[in-house]
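I have placed the structure first, in the form of structure tokens, so that the comments after it can refer back to it.
Bear in mind that the values in this text are calculations on the coordinates, not laboratory data. Everything numeric in this text was worked out from a predicted model, so none of it was measured. Here Cβ is always computed from backbone atoms with ideal geometry, including for glycine, and neighbour counts include all displayed protein chains.
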Ligand SMILES: *Cc1c(COP(=O)(O)O)cnc(C)c1O
């Protein structure tokens, strides 16, 4: 099922960034955005591409008071053959619907949502940057917009998509990150919203992130919210460890975000013959491996950086160095193969890329 999409083009197109090495992440936005309204008695209606700009929100809107918001993040790539492609977009759409179900927000038709993403990207295709390592980041988001303060599942909502040309995540080559394991705050608990990609999870995580940054760490590694014993994930990335030749990654217990880069990495690693264990991994087991030398590599996975090597792990006054603070061999291979498929440099044998149009 496709949604109707009207298109109103901007009368004042913005100049495109000239220096693609200075794009950064999520600071520049394209000329247009997608908006669509929802009402319980009408379903989704008024799908429209309009000039990028502020969205009017009622002061009593549910999103402002009760945090009724979910989002997604995916990238459109300009391949070496100058085609514009999306990486596994249906996975993002399915996850958006799972998040919607958890927060009692209205779901979208999968095929209709894919059509929205493709229509917007095709219109903005000149904004997909050309330099190696760059892409057009898409941020679909959906929020409750009832104009009154009663607390209940929403009857009105907005679905929106904005696009941002983003730079190579590693401008100066891939540098391993320093990670602090958080022992006070928790991000999510089983039965909560950890598996949903919702703004509220991020609101609750900012304090620990600030604390870690002040101590010189880039990101926080979260432990489970009940026993504070098992590794869950890093900031906006899932996490994987190579211990004694095997890959271990926390199981999706409900409080971990089911990352698409995580899923793709697991599929690829298994295809290469690695044993991948999705299970509980305690911080004690991890540090025992770090001490006896069997922890060989550690990395995070997520759409923004794709693969991010971990060089240092800090917990309760102790710091461990992983693979001499250098990118590990398997981490590099995973990065090269995932980005190789995304940029069309190596064959997409898994069928992960979805063509939008010629560039
Ligand atoms: C988005 C996100 C990830 C990574 O998911 P990808 O689909 O790989 O981009 C991991 N953890 C959290 C908390 C996230 O929000």
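Tabulated results
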read-out	value
Relative contact order for the chain, counting Cα pairs under 8 Å that sit 6 or more residues apart, in percent	19
Simple label model, 7 Å out from Cα along Cβ direction - residue 130 to residue 284, nm	5.8
Net length gained if the chain between residue 101 and residue 65 were fully extended (0.36 nm per residue, minus Cα distance)	11.0 nm
Full-extension gain in nm, residue 94 to residue 206, via 0.36 nm per residue minus C-alpha separation	37.7 nm
Tilt relative to the chain, helix 260-271 - C-alpha long axis, 0 to 90 degrees, to 10	50
Whole-angstrom gap from segment 218-282 to segment 41-89, using each part's C-alpha centre	28
Euclidean distance of C-alpha centroids, segment 153-217 and segment 306-352, integer Å	19
DSSP beta bridges in segment 177-342 [antiparallel fraction, %, rounded to 5]	65
Approximate spin-label separation residue 14-residue 175, in nm, with each point projected 7 Å along Cα-to-Cβ	2.7
Using alpha-carbon coordinates, inclination of helix 89-102 to the longest axis of the chain, degrees	90
Percent of beta bridges antiparallel (DSSP, the chain, rounded to nearest 5)	80
Neighbour-count order for 315, 38, fewest beta carbons within 10 angstrom listed first	315, 38
Angle in degrees between helix 110-123 and the longest Cα principal axis of the chain, rounded to the nearest 10	80
Neighbour-count order for 198, 163, 357, fewest beta carbons within 10 angstrom listed first	357, 198, 163
Segment 5-166, relative contact order in percent, only Cα pairs under 8 angstrom and at least six apart counted	34
Structure-based [θ]222 nm, the chain - -39500 (n - 2.57) summed over DSSP H runs of at least 4, per residue, nearest 500	-7000 deg cm²/dmol
Whole-number percent relative contact order across segment 162-308, with pairs defined as alpha carbons under 8 Å at least 6 apart	25
